[in-house]
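Chemist: Here it is: the structure, laid out below.
The values are calculated or read from the model by the stated rules, or taken from the named source; none is laboratory data. As the structure is a prediction and not an experimental result, all values here were calculated from the model. Here the Cβ positions follow ideal geometry from the backbone for every residue, glycine too, while neighbour counts run over all protein chains shown.
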Amino acid sequence: MLRSKTCGEIRAEHQGQAVTLAGWVDSVRDHSGILFINLRDRYGLTQIVFSQSLADTVRSLHPEDVVQIEGTVQLRPEGIVNKKIPTGEIEVKAEKLTILNRTAVVPFQPSAPEVPAEETRLKYRYLDLRRPAMQKTLTLRHRICKVARDYFDENGFVEVETPMLGKSTPEGARDYLVPSRVAQGQFYALPQSPQLYKQILMIAGYDRYFQIARCFRDEDLRADRQPEFTQLDLEMSFVDSEDIIGMISGLVERLMKEVLGREIKGDKIPRMCYDEAMERFGHDAPDLRFGMELIDLTDIAKEVEFRVFRGVADSGGRIRAINAKGAAEKYSRKDIDGLNNWVIEQFGAKGVAWLKVDTDGKLAGPIAKNFTEEQLDKIAKRVGAEKNDFILFSADTFSVTCKVLNGLRRRLAAELKLINPNEMNFCWIVKFPMFDWDAEEKRWVAMHHPFTAPLTQDLHHLAGTPDSNPGAIRAQAYDLVLNGFEVGGGTVRIHDSETQSKVFDLLGLSLETAKQQFGFLLEALQFGAPPHAGIALGLDRLVMLFGGLDNIRDCIAFPKTAKAADLMTGAPSPVATKQLDELAIKTTLKPNDTVAR
RNA sequence: GGGGACGUAGCUCAAUUGGUUAGAGUACCGGACUGUCGAUCCGGUGGUUGCGGGUUCGAGUCCCGUCGUCCUCGCCA
């Protein structure tokens, strides 16, 4: 061992002990007759004191040089304890200094107070990962995995690895494809999730499976979305949705307690139906850390002359509002113009109407003149208007009012600082619709995936029955939501081929096509498939939220940029012509753009 | 694919309406200093203002294109 202690563990009780430390030079402070360095590793900082004898070597040190110190622990002189660091009561009096490795001049110092540009951080990721904040996050990530693994183990789960090279399926996200050399012209797909394999494992009798599974989706990125991400994936047999919700609620409680040392809010995680979430928040992953819920005014709008409201209400649209309490003075006409342009550009809305409550408690604003006194009173009562309230309206299709008001609700909450950043607010969203109508392709599409079981009480709406109504069918699906982010989603699966056929039929999948795509699963379902259900949690998002971060890249050791590039390694990159020849692949681009020279 | 923000020294940033030789902090190099801890003090090196065009007497600043990073809409069963 090149060290006997880490840089974070020495305390006053070790006074007089001989120790050997190794780490990175964090800073050098040269006072001519006496010199100090802060030595850093991932456990902390320890101050090393040098006398004149080692001065020349110490002066040659640079930040991020790797050194080994042999010395003696001593208490710092009275009155100059450094209370900012846990090791601040002691220092190590150096007797020997060994330079283990010199560094080149670093592009940035991990200990610097300012964080470099994202591009620089990603290019020199090893330096970025030396930053204490990153080390804290990756350690948190490890803790979450460890607690989850232990929890699943205690509950009888078996961790099974499923293939990375799988079969491409046309539904869902775009696949990352891997060309086959031995079967030229054919491709594997990297898994979007272990979905089909874990269902097969249920049929195979592994009634409690879990995996910390890497997943891939070739879609555009976001602050909370990477092309390569990790799921805490599980599946159980002989269970219903209550069992899955219970199992995961237990995990959440454990994670909160063992990782953050906290209890979950309330006795248990509350639940909300999808329809209720859309009515109250306009989104299926509502942030419940603040109010400002959506208020429906469609019935009032049907009675008014104001054409913007009346027209929408009469043609089946909705008029809804949010009330930003006490915010009237904080939003100038210019600010409101900004909000208006934002909803037009971002959500394709026609705009946002607004009213403010003036000092007399009256609703005022450009649209106020379109209402009678009585109608204004009705609106005021409905939205709970009080002095200085700022009320924003969206009059549009239900879908657009959801997008607009959810967007405004989140934006205003951030701007008005309504969110307690320390709160961890979980909820379950249940009873999702089974199908979505795709207006472009003029067909029903599965909202989750085509193996999701409908709620038994909605089965009579399936095709081929007198009261067939696919839009009314709800799924046995459940999403776990934390602080306005979807952190998990799962369903009870269909385990009988009769229901499965009906669902495929509704999706416009012929038996032939279905067999071609999922034949192995359909076949397997015939050989004693137990009732089963499962869920997958987004590990990266969980870490992000447990760590109080606002970006998923900061939870991943080696993340990709918005264009899915790895700035450190330079991937993706051209390959040699020989490699392409072996795969029988020819690009339609100019050779110099794609082929390694 | 669409919209927006940004790109100036190794790093973090500044530079008035388009106007002198593009500045500061830090890092780096040299020097001073025996209790500092983001050490301090003195001096110095360091720039094709992402790249390519254009407008102008004059462009870091304005216009067009392009590349990159971030945010976002579409997309993500």
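Chemist: Could you list, in sequence order, all residues of the stretch A:563-575 that are surrounded by fewer than 13 Cβ atoms within 10 Å (Cβ to Cβ) and within 7 Å of RNA strand B (Cβ to nearest atom)? Full working, then the answer.
Modeler: Initially, the stretch A:563-575 is screened for residues surrounded by fewer than 13 Cβ atoms within 10 Å (Cβ to Cβ), giving A:563, A:569-573.
Once the filter is applied, which keeps residues that are surrounded by fewer than 13 Cβ atoms within 10 Å (Cβ to Cβ) and within 7 Å of RNA strand B (Cβ to nearest atom), the stretch A:563-575 yields only A:Lys563.
Chemist: Still on this structure, please answer the following. Looking at the stretch A:1-39, which of the residues that are under 14 Å from A:Val66 (Cα atoms) and of a type in the set (A, V, I, L, M) is surrounded by the most Cβ atoms within 10 Å (Cβ to Cβ)?
Modeler: A:Ile37
Chemist: Among the residues of the stretch A:40-71, which ones are more than 18 Å from A:Cys7 (Cβ to Cβ) and either away from RNA strand B (no atom under 12 Å from the Cβ) or surrounded by 15 or more Cβ atoms within 10 Å (Cβ to Cβ) (or both)?
Modeler: A:Leu54, A:Ala55, A:Thr57
Chemist: While we're looking at this one, here's another question. Out of the stretch A:406-417, which residues are in contact with a helix residue (DSSP H, G or I) (Cβ under 8 Å, 6 or more places away or on another chain) and either in a loop (DSSP other than H, G, I, E, B) or of a type in the set (Lys, Arg) (or both)?
Modeler: Within the stretch A:406-417, A:Arg409, A:Arg411, A:Leu416 meet the criteria.
Chemist: Mind listing just one residue for me: the one in the stretch A:478-523 that is within 22 Å of A:Asp436 (Cα to Cα) and charged (D, E, K, R) and, of those, farthest from the chain's Cα centre (by Cα)?
Modeler: Going through the qualifying residues, I end up with A:Glu498.
Chemist: Condition check: at pLDDT 95 or above and crowded, with 16+ Cβ neighbours inside 10 Å. Does A:Trp354 satisfy that? It would help to see each step written out before you state the result.
Modeler: Numbers: at pLDDT 95 or above: yes; crowded, with 16+ Cβ neighbours inside 10 Å: yes.
Yes, satisfied.
Chemist: Among the residues of the stretch A:544-562, how many are of a type in the set (Gly, Ala, Ser) and crowded, with 16+ Cβ neighbours inside 10 Å? Walk me through it before giving the result.
Modeler: At the first step, the residues of the stretch A:544-562 found to be of a type in the set (Gly, Ala, Ser) are A:547-548, A:557, A:562.
Remaining after also requiring crowded, with 16+ Cβ neighbours inside 10 Å: A:547.
Here the count works out to 1.
Chemist: Counting only residues that are without any contact (Cβ under 8 Å) to a residue 40 or more places away in the chain and on the phi < 0 side of the Ramachandran plot, which one in the stretch A:250-276 is surrounded by the most Cβ atoms within 10 Å (Cβ to Cβ)?
Modeler: Going residue by residue through the stretch A:250-276, those that are without any contact (Cβ under 8 Å) to a residue 40 or more places away in the chain are A:253, A:257, A:261, A:263, A:266-268, A:276.
The next check asks that each one be on the phi < 0 side of the Ramachandran plot; those that pass are A:253, A:257, A:263, A:267-268, A:276.
Working: A:Glu253: 17, A:Lys257: 13, A:Glu263: 11, A:Asp267: 7, A:Lys268: 14, A:Glu276: 14.
Across the stretch A:250-276, the extreme among qualifying residues is A:Glu253.
Chemist: So in the stretch A:409-457, with the set limited to residues that are of a type in the set (Phe, Trp, Tyr) and at pLDDT 90 or above, which one is surrounded by the fewest Cβ atoms within 10 Å (Cβ to Cβ)?
Modeler: Of the stretch A:409-457, the ones of a type in the set (Phe, Trp, Tyr) are A:426, A:428, A:432, A:435, A:437, A:444, A:451.
Subset that is at pLDDT 90 or above: A:426, A:428, A:432, A:435, A:451.
Numbers: A:Phe426: 22, A:Trp428: 19, A:Phe432: 23, A:Phe435: 24, A:Phe451: 22.
So, considering only residues that are of a type in the set (Phe, Trp, Tyr) and at pLDDT 90 or above, the one surrounded by the fewest Cβ atoms within 10 Å (Cβ to Cβ) is A:Trp428.
Chemist: Would you be able to say whether some residue in the stretch A:111-124 is basic (Lys, Arg), in a loop (DSSP other than H, G, I, E, B) and at pLDDT 95 or above? Explain how you work it out, then say what you get.
Modeler: Within the stretch A:111-124, the subset basic (Lys, Arg) is A:121, A:123.
The next check asks that each one be in a loop (DSSP other than H, G, I, E, B); those that pass are none.
No, there is no match, as no residue in the stretch A:111-124 is basic (Lys, Arg), in a loop (DSSP other than H, G, I, E, B) and at pLDDT 95 or above.
One line per residue, one yes/no per condition, for (1) farther than 20 Å from A:Thr103 by Cα; (2) in contact with a Ser or Thr (Cβ under 7 Å, 6 or more places away or on another chain); (3) more than 15 Å from RNA strand B (Cβ to nearest atom); (4) not in a loop (DSSP other than H, G, I, E, B):
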| residue | (1), (2), (3), (4) |
| --- | --- |
| A:Cys7 | no, yes, no, no |
| A:Glu13 | yes, no, yes, yes |
| A:Ala22 | no, no, yes, yes |
| A:Asp26 | no, yes, no, yes |
| A:Ser32 | yes, no, no, no |
| A:Asn38 | no, yes, no, yes |
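Chemist: Filter the stretch A:406-434 for residues that are hydrophobic (A, V, I, L, M, F, W, C), in contact with a strand residue (DSSP E or B) (Cβ under 8 Å, 6 or more places away or on another chain), under 18 Å from A:Gly282 (Cα atoms) and within 13 Å of RNA strand B (Cβ to nearest atom) and give the result. Working first, answer last.
Modeler: Going residue by residue through the stretch A:406-434, those that are hydrophobic (A, V, I, L, M, F, W, C) are A:408, A:412-414, A:416, A:418-419, A:424, A:426-430, A:432, A:434.
Keeping just the survivors that are in contact with a strand residue (DSSP E or B) (Cβ under 8 Å, 6 or more places away or on another chain) gives A:408, A:412, A:416, A:424, A:426-430, A:432, A:434.
Still in the list and also under 18 Å from A:Gly282 (Cα atoms): A:408, A:412, A:426-430, A:432.
Matches in the stretch A:406-434: A:Leu408, A:Phe432.
Rundown of residues vs (1) buried (at least 21 other Cβ atoms within 10 Å of the Cβ); (2) in contact with a helix residue (DSSP H, G or I) (Cβ under 6 Å, 6 or more places away or on another chain), yes/no style:
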| residue | (1), (2) |
| --- | --- |
| A:Asp287 | yes, no |
| A:Glu293 | no, yes |
| A:Glu305 | no, no |
| A:Asp314 | no, no |
| A:Lys325 | no, no |
| A:Asp337 | no, no |
| A:Lys350 | no, no |
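Chemist: Right, something else. Looking at (1) assigned to a helix (DSSP H, G or I); (2) modelled with pLDDT under 95, which one does A:Thr137 not meet, given that it meets all the others?
Modeler: (2)
Chemist: Filter the stretch A:308-350 down to residues that are within 16 Å of RNA strand B (Cβ to nearest atom) and in a loop (DSSP other than H, G, I, E, B) and give me whichever is farthest from A:Ala385 (Cα to Cα). Spell out how you get there, then give the answer.
Modeler: Narrowing the stretch A:308-350 to residues within 16 Å of RNA strand B (Cβ to nearest atom): A:334-335, A:337-350.
Going one step further and asking which of them are in a loop (DSSP other than H, G, I, E, B), we end up with A:348-350.
On the way: A:Gly348: 28, A:Ala349: 25, A:Lys350: 25 Å.
Looking at residues that are within 16 Å of RNA strand B (Cβ to nearest atom) and in a loop (DSSP other than H, G, I, E, B), I get A:Gly348.
Chemist: Output the residues belonging to the stretch A:71-80 that are over 16 Å from A:Leu35 (Cβ atoms) and touching a residue at least 24 places away in the same chain (Cβ under 8 Å).
Modeler: Answer for the stretch A:71-80, where residues must be over 16 Å from A:Leu35 (Cβ atoms) and touching a residue at least 24 places away in the same chain (Cβ under 8 Å): A:Thr72, A:Val73, A:Leu75.
Chemist: Condition first: touching a residue at least 12 places away in the same chain (Cβ under 8 Å), more than 23 Å from the chain's Cα centre (by Cα) and more than 16 Å from RNA strand B (Cβ to nearest atom). Can you find one or more residues in the stretch A:216-237 that meet it?
Modeler: yes
Chemist: Only residues in the stretch A:278-307 that are part of a helix (DSSP H, G or I) count as the first member; pair them with residues that are of a type in the set (S, T, N, Q), Cβ under 6 angstrom, at least 6 apart or cross-chain, and list the lot.
Modeler: Pairs that qualify, where the first residue is part of a helix (DSSP H, G or I) and the partner is of a type in the set (S, T, N, Q): there are none.
Chemist: Next question. Can A:Glu161 be described as in contact with a strand residue (DSSP E or B) (Cβ under 7 Å, 6 or more places away or on another chain), surrounded by fewer than 16 Cβ atoms within 10 Å (Cβ to Cβ) and not in a helix (DSSP H, G or I)?
Modeler: Working: in contact with a strand residue (DSSP E or B) (Cβ under 7 Å, 6 or more places away or on another chain): yes; surrounded by fewer than 16 Cβ atoms within 10 Å (Cβ to Cβ): yes; not in a helix (DSSP H, G or I): yes.
The answer is yes for A:Glu161.
Chemist: Only one of (1) out of contact with any helix residue (DSSP H, G or I) (no Cβ under 9 Å at 6 or more places or on another chain); (2) without any contact (Cβ under 8 Å) to a residue 40 or more places away in the chain is not met by A:Arg310, so which one is it?
Modeler: Every listed condition holds for A:Arg310 apart from (1).
Chemist: Oh, and also: Kindly indicate which of A:Ala324, A:Ala349 is hydrophobic (A, V, I, L, M, F, W, C), closer than 24 Å to A:Pro286 by Cβ, modelled with pLDDT of 95 or more and under 28 Å from the mean Cα position of the chain (by Cα).
Modeler: On the way: A:Ala349 fails: modelled with pLDDT of 95 or more.
Criteria check complete, one pass: A:Ala324.
Chemist: Also, quick follow-up: Would you pick out the residues in the stretch A:11-47 that are under 37 Å from the mean Cα position of the chain (by Cα) and among the hydrophobic types (A, V, I, L, M, F, W, C)? It would help to see each step written out before you state the result.
Modeler: Taking the stretch A:11-47 and keeping what is under 37 Å from the mean Cα position of the chain (by Cα), we get A:22-27, A:38-46.
Within the stretch A:11-47, A:Ala22, A:Trp24, A:Val25, A:Leu39, A:Leu45 meet the criteria.
Chemist: Can we say A:Val147 is touching a residue at least 24 places away in the same chain (Cβ under 8 Å) and exposed (fewer than 14 other Cβ atoms within 10 Å of the Cβ)? Walk me through it before giving the result.
Modeler: Numbers: touching a residue at least 24 places away in the same chain (Cβ under 8 Å): yes; exposed (fewer than 14 other Cβ atoms within 10 Å of the Cβ): no.
So A:Val147 does not fit the description; no.
Chemist: Residue check: is A:Cys402 touching a Pro at 6+ places or on another chain (Cβ under 7 Å), within 30 Å of A:Ser249 (Cα to Cα) and either outside any loop (DSSP other than H, G, I, E, B) or of a type in the set (Ser, Thr, Tyr) (or both)? Quick ask: steps written out before the conclusion?
Modeler: Numbers: touching a Pro at 6+ places or on another chain (Cβ under 7 Å): no; within 30 Å of A:Ser249 (Cα to Cα): yes; either outside any loop (DSSP other than H, G, I, E, B) or of a type in the set (Ser, Thr, Tyr) (or both): yes.
Taking the combined requirement at face value, the residue does not satisfy it.
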